[in-house]
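These notes concern the structure reproduced below.
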Ligand SMILES: [Mn+2]
């Protein structure tokens, strides 16, 4: 990952005009935290996106972090110098149509990538555990004055949530967390607690419980799969299924003719040959739609009914060989 390239790309783009920093449409803490923190380093950058998730929206309010919500057909500033996209592996993951002929810069840590790059574009792809980790490295080197307590909190929150509270961390992401705290003037434990007290309302609880009652555990080829469907909070449900011992967890949902699949797998499965991101990509090749992600966490969405989507995933899983370690 060449951070000098990013610095000069930003300098050139902002000299041409305004540069939106576009977050992924899931609005999770990693994408929103990355967009806001990077935008804070240069007055020509503006953090924006289609949707802000629950935790991100609460934190933005508490920290008074500037973020502009876009419509699906946004009116861009008349003089655009470029667009930076953070934490999204494809244009569809932003939910926004990117205007033609504008240089783009994609900063992402997913294993899959469906962006097409031309002259003047820049791709920064790292094997970081969170995009905020990559943004922190950039700020530390090129704009250390941006690293206020507020920015450190946004970056740390992205790292904490994308690593499942450091369960999926590695040496370098733990090091980033330590560096984030090194010159910070807040207490880690208190901050984590404030993130963790995510309030669940009665309808959230209802949706999770209902999804759990509909679970089915099947053998697909050499793998155990636990699958169900949910109306909301699919990621949370899939995480619970992994905790219950599923080798692969799949949660689907259908809304307005669009099916969304959310899959999770524990490390013991990814070590033995499961790569959910690649499986979701294969699903997109077969069924259309968009899919991708990480080895242990990935998703797909497309226009088909729920059963057809689930069946296609199960078929891909059935063909996935288990490797011995
Ligand atoms: Mn991420």
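Here are the numbers:
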{"item": "Among the residues listed as 31, 14, the single one being within 19 Å of residue 113 (Cα to Cα) and in a helix (DSSP H, G or I)", "result": "31"}
{"item": "Residues satisfying the stated conditions in region 247-257, i.e. exposed (fewer than 14 other Cβ atoms within 10 Å of the Cβ) and touching a residue at least 40 places away in the same chain (Cβ under 8 Å)", "result": "257"}
{"item": "Checking residue 89 against (1) surrounded by 16 or more Cβ atoms within 10 Å (Cβ to Cβ); (2) in contact with a helix residue (DSSP H, G or I) (Cβ under 8 Å, 6 or more places away or on another chain); (3) modelled with pLDDT under 95; (4) closer than 27 Å to residue 152 by Cα, the condition it does not meet", "result": "(2)"}
{"item": "Test: residue in region 37-55 that is away from the ligand (no atom under 14 Å from the Cβ), in the same structural domain as residue 153 (by TED's automatic domain parsing), part of a helix (DSSP H, G or I) and surrounded by fewer than 16 Cβ atoms within 10 Å (Cβ to Cβ)", "result": "yes"}
{"item": "Top-ranked residue of region 264-276 - restricted to ones that are surrounded by fewer than 21 Cβ atoms within 10 Å (Cβ to Cβ) and on the phi < 0 side of the Ramachandran plot, ranked as farthest from the chain's Cα centre (by Cα)", "result": "272"}
{"item": "Only listed residue being without any contact (Cβ under 8 Å) to a residue 40 or more places away in the chain and more than 13 Å from residue 86 (Cβ to Cβ), chosen from 71, 15", "result": "71"}
{"item": "Hits in region 67-88 - residues which are closer than 19 Å to residue 25 by Cβ, away from the ligand (no atom under 16 Å from the Cβ) and assigned to a loop (DSSP other than H, G, I, E, B)", "result": "67, 70, 71, 72, 73, 74, 75, 76"}
{"item": "Some residue of region 94-108 being assigned to a loop (DSSP other than H, G, I, E, B) and within 16 Å of the ligand (Cβ to nearest atom)", "result": "yes"}
{"item": "Qualifying position, being closer than 27 Å to residue 298 by Cα, assigned to a helix (DSSP H, G or I), within 16 Å of the ligand (Cβ to nearest atom) and touching a residue at least 12 places away in the same chain (Cβ under 8 Å), among 132, 112", "result": "132"}
{"item": "Only one of 139, 174, 159 that is at pLDDT 95 or above, away from the ligand (no atom under 12 Å from the Cβ) and buried (at least 17 other Cβ atoms within 10 Å of the Cβ)", "result": "139"}
{"item": "Close pairs (7 angstrom Cβ cut-off, 6 or more residues apart or separate chains): farther than 11 Å from residue 46 by Cα in region 18-33, part of a strand (DSSP E or B) and within 9 Å of the ligand (Cβ to nearest atom) anywhere", "result": "31/86"}
{"item": "Filter result for the condition that a residue is more than 26 Å from residue 129 (Cβ to Cβ) and at pLDDT below 95, over 235, 257, 164", "result": "257"}
{"item": "The lone exception for residue 208 - which of (1) closer than 20 Å to residue 239 by Cα; (2) assigned by TED's automatic domain parsing to the domain that holds residue 239; (3) in contact with a helix residue (DSSP H, G or I) (Cβ under 7 Å, 6 or more places away or on another chain); (4) touching a residue at least 60 places away in the same chain (Cβ under 8 Å) it fails", "result": "(4)"}
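The values are calculated or read from the model by the stated rules, or taken from the named source; none is laboratory data. These figures come from a predicted structure and were not determined experimentally. Note that each Cβ is placed from the backbone with ideal geometry, even for glycine, and that neighbours are counted across all protein chains shown.
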